[in-house]
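The structure appears right after this line, and notes come after that.
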Amino acid sequence: MPRRTPLHEAHLAAGARMVEFAGFDMPVQYQGVLEEHAAVRERSGIFDVSHMGEVVLEGPSALESAQRLVTNDLTKCKDGQAQYSALCNEQGGVIDDIIVYRFSPERLFICVNASGRDKDFDWMKERKASGTAAHQRSDDWAQVAVQGPDAPAIVDSLCEPKVLDLGYYHFREATVAAVAGCIVARTGYTGEDGFEFYLAPDRAAELWEALIETGGGSGLVPAGLAARDTLRLEAGMPLYGHELSTSIYPVQAGLGKVVALSKEGDFVGRAAIEEGPAPDARVLVGLVAEGKRAGRAGYPIVVPDGAQIVGEVTSGALSPTLGVPISMAYVDPEYAAVGTALHLDVRGTRVPASIVALPFYKREKTSS
């Protein structure tokens, strides 16, 4: 039986259609994917992401441990700043993509994917330095995200201290709508501006209702997993289990920027990453297809003038924002240049497509 998040009853009351995802009963949609997607792009949407996991490293060697475990360089990250990174195995493959929140060199808070709640914790616990305590905190936190152009104003109006001055990938602790002890981070997984909250599970419903009451007048709506997926796909953001796996090097997925080979000391997977994947290893690309039929995960990619398979779709959808079929896919490197013409094999039907630069969609930056 799937687990339930602290907001389960709120989802049912809002008419959500529920599905099992990563061992949790989660809302896939409320009023409809297109409506929820558009709300986030044009106004704001609220997501329950309490299925995600949290691990805390603390102690005098916490930063040293984290530097050994993650690919990025946390010495470049200040207290109150978050950093996107990866955990890699000894062979250089991605175990998970993560966000590390640096409270201090002695305390680091790590958000992992729902499927990595236990495996990531066990992996980190086995490899941490002495003098570091690793704590599994996934059941101690609920997580809520508010995303979209109106999200900053909605969130800031409820926070004390205010959070509008926070830069991207910065965070602070705040009281939000009378809920004390929230971690408020300017992060997200939609390609839009917004915030994510970590808070006590028994206060999650209270915060959810306050955010909806405050933002409802300006068009904030609850959004489910389906809209979250189309939003992150348009933004070119990888999903573990699709674009990322233990057989994929970060550089293949376009994540070379989260691997800091310049940092001092060793980290797990460093030697393999420095050696790099094989020259013919496939690389992640964006594809835009003709018509309205989208490629889905597992669909082959073939050359236009023959049956040679040169790649495979990892994620795809008819883009609600752009109105065209978009896909992320791994292709042989000789076919990865922008503008290359290929075909998607959509259940036996060839659909012309071309390589485009990622992301498919990028929001206009504001001054806030």
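The values are calculated or read from the model by the stated rules, or taken from the named source; none is laboratory data. What you see is a predicted model; the values in this text were computed from it and never measured. Here Cβ is always computed from backbone atoms with ideal geometry, including for glycine, and neighbour counts include all displayed protein chains.
Go through region 304-315 and give me each residue that's more than 14 Å from Val351 (Cβ to Cβ) and part of a strand (DSSP E or B).
Keep residues of region 304-315 that are more than 14 Å from Val351 (Cβ to Cβ), which gives 305-310, 312, 314-315.
Ile309, Val310, Glu312, Thr314, Ser315, listed by residue number.
Here Glu364 passes the criteria (1) among the acidic types (Asp, Glu); (2) in a loop (DSSP other than H, G, I, E, B); (3) touching a residue at least 12 places away in the same chain (Cβ under 8 Å) except the one numbered (3). All conditions but one from (1) in a strand (DSSP E or B); (2) in contact with a His (Cβ under 9 Å, 6 or more places away or on another chain); (3) surrounded by 17 or more Cβ atoms within 10 Å (Cβ to Cβ); (4) of a type outside the set (S, T, N, Q) apply to Ile355; the one that does not is (2).
Could you list all residues from region 55-86 that are assigned to a strand (DSSP E or B), within 25 Å of Glu192 (Cα to Cα) and either assigned by TED's automatic domain parsing to the domain that holds Ala185 or hydrophobic (A, V, I, L, M, F, W, C) (or both)?
Going residue by residue through region 55-86, those that are assigned to a strand (DSSP E or B) are 55-58, 70, 81-86.
Of the ones still in play, those that are also within 25 Å of Glu192 (Cα to Cα) are 81-86.
Residues satisfying the conditions are Ala82, Ala86.
Number of residues in region 1-34 that are crowded, with 16+ Cβ neighbours inside 10 Å and of a type in the set (Asp, Glu) equals 1. Exactly one residue among Ile46, Ile99 is within 30 Å of Ala227 (Cβ to Cβ) and surrounded by fewer than 23 Cβ atoms within 10 Å (Cβ to Cβ), and that residue is Ile99.
Scanning region 245-263 for residues that are surrounded by 17 or more Cβ atoms within 10 Å (Cβ to Cβ) and closer than 30 Å to Phe21 by Cα returns Ile248, Tyr249, Pro250, Val251, Gln252, Ala253, Gly254, Leu255, Val258, Val259. Contact map, region 308-320: first residue under 9 Å from Gly298 (Cα atoms), second residue surrounded by fewer than 21 Cβ atoms within 10 Å (Cβ to Cβ) and of a type in the set (A, V, I, L, M, F, W, C), Cβ cut-off under 7 Å, separation 6 or more or different chains; pairs are Val313/Ala297; Thr314/Ala297; Ser315/Leu239; Ser315/Ala297.
Would you pick out the residues in region 116-146 that are among the polar types (S, T, N, Q) and out of contact with any Lys or Arg (no Cβ under 9 Å at 6 or more places or on another chain)?
At the first step, the residues of region 116-146 found to be among the polar types (S, T, N, Q) are 130, 132, 136, 138, 143.
Scanning region 116-146 gives Ser130, Thr132, Gln143.
Restricted to strands (runs of 3 or more DSSP E) entirely inside region 90-161, those with at least 2 residues that are more than 27 Å from Glu36 (Cβ to Cβ) and at pLDDT 95 or above are 94-104, 107-112, 133-136. Tell me whether region 161-179 contains one or more residues that are aliphatic (A, V, I, L, M) and closer than 25 Å to Met124 by Cβ. No, every residue in region 161-179 fails to be aliphatic (A, V, I, L, M) and closer than 25 Å to Met124 by Cβ.
Within region 260-303, the set of residues being more than 15 Å from Val94 (Cβ to Cβ) and in a strand (DSSP E or B) comprises Val285, Gly286, Leu287, Val288, Ala289, Pro300, Ile301, Val302. Applying the criterion of being touching a helix residue (DSSP H, G or I) at 6+ places or on another chain (Cβ under 7 Å) and farther than 12 Å from Ser327 by Cα to the residues of region 349-368, the residue that is modelled with the highest pLDDT is Tyr361. On the stretch given as region 264-295, residues that are of a type in the set (A, V, I, L, M) and exposed (fewer than 12 other Cβ atoms within 10 Å of the Cβ) total 1.
Does Ser327 satisfy the criteria of being surrounded by fewer than 22 Cβ atoms within 10 Å (Cβ to Cβ), in the same structural domain as Ala294 (by TED's automatic domain parsing), more than 18 Å from Asp280 (Cα to Cα) and under 27 Å from the mean Cα position of the chain (by Cα)? It is false that Ser327 is surrounded by fewer than 22 Cβ atoms within 10 Å (Cβ to Cβ), in the same structural domain as Ala294 (by TED's automatic domain parsing), more than 18 Å from Asp280 (Cα to Cα) and under 27 Å from the mean Cα position of the chain (by Cα).
Is there a residue in region 224-244 that is surrounded by 22 or more Cβ atoms within 10 Å (Cβ to Cβ), part of a helix (DSSP H, G or I) and of a type in the set (S, T, N, Q)? Yes: one or more hits.
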